[in-house]
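Peer 1: Here it is, the structure, as structure tokens.
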Amino acid sequence: MTIIEKVLIGILFSVISSCGASGTAPHLNFGTDFASPGLAMVQRVDALPITPSNAMPNGTYTYNGFAGFGSGSVSSLSELTRIAKMTMAANFRTNTFSGSMTKLTNEAYNATYDGTINMSGSISGNTFNGVHSGVWTMNSTNGYIERPYNGTVSGVFGGSGATGIAGTTNSTFSGIGVTGIIVGER
């Protein structure tokens with residue numbers, strides 16, 4: 001089983017409250033400048049085997065990548081409607097991680113949100129689990145908009161020496177249940 005398959009299976013079994021989105025949201029255009037590198041990284045990380053728990057590195061490593069989000073439960077990349085930059089520092093000595101998601105882009109509506117969503121938690125074997133919190137902000141024709149984004153984050157390490165990560169986030173965004181997929185490389 002590849003790392004992305006394990007993450008998507010986890011999403012299918014996750015329970016998200018408030019997932020009653022109305023209508024069909026537009027999807028990301030993976031041909032755009034921002035989404036293309038994210039899709040390429042997903043394909044690279046998906047090719048990695050899950051790192052065995054007994055083969056985890058020792059030290060601190062930074063993973064840079066992307067986070068994609070969709071309303072309700074997400075079971076495939078085609079259901080993502082927003083994308084953001086993601087950074088995660090994993091400290092394998094203390095079995096903790098911290099990181100952030102920034103520059104949320106809703107490419108279907110040509111909208112970009114500022115703000116930082118911080119994440120932190122613990123590492124156990126080849127998995128990580130924690131929380132994320134913050135506020136996305138945007139000035140728009142409708143005025144200043146703030147969107148709190150607080151919830152959980154979890155995932156697995158992939159590749160020899162844990163060279164990649166894939167995971168999920170679960171939260172609410174404007175009162176709608178949101179599932180996110182994160183992917184990163186070091």
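The values are calculated or read from the model by the stated rules, or taken from the named source; none is laboratory data. Remember, predicted model here, so these are calculated numbers, not experimental data. Counting neighbours? That spans all protein chains shown, and the Cβs are built from the backbone with ideal geometry, glycine included.
Okay, residues lined up against (1) part of a strand (DSSP E or B); (2) without any contact (Cβ under 8 Å) to a residue 24 or more places away in the chain; (3) more than 14 Å from the chain's Cα centre (by Cα):
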position: Tyr63; (1), (2), (3): yes, no, no
position: Ser78; (1), (2), (3): no, no, yes
position: Met88; (1), (2), (3): yes, no, no
position: Thr105; (1), (2), (3): yes, no, no
position: Ile123; (1), (2), (3): yes, no, yes
position: His132; (1), (2), (3): yes, no, no
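Peer 1: Same structure again: One residue is enough: does the range 134-152 have a residue meeting the conditions surrounded by 17 or more Cβ atoms within 10 Å (Cβ to Cβ) and under 18 Å from Val42 (Cα atoms)?
Peer 2: So far as the range 134-152 goes, no, none of its residues is surrounded by 17 or more Cβ atoms within 10 Å (Cβ to Cβ) and under 18 Å from Val42 (Cα atoms).
Peer 1: Val15 is checked against (1) of a type in the set (Val, Ile, Thr); (2) outside any helix (DSSP H, G or I); (3) at pLDDT 50 or above and fails just one. What number does that condition carry?
Peer 2: Exception for Val15: condition (3).
Peer 1: Oh, and also: Could you count how many residues in the range 65-76 are closer than 17 Å to Gln43 by Cα and not in a strand (DSSP E or B)?
Peer 2: The qualifying residues number 2.
Peer 1: Between Gly159, Gly167, which is more than 15 Å from Gly99 (Cβ to Cβ) and touching a residue at least 24 places away in the same chain (Cβ under 8 Å)?
Peer 2: Testing whether each residue is more than 15 Å from Gly99 (Cβ to Cβ) and touching a residue at least 24 places away in the same chain (Cβ under 8 Å) leaves just Gly159.
Peer 1: Separate question: Residues Asn139, Asn91, Asn170: which one is modelled with pLDDT of 90 or more and farther than 21 Å from Gly70 by Cβ?
Peer 2: Within the list Asn139, Asn91, Asn170, the selection yields Asn91.
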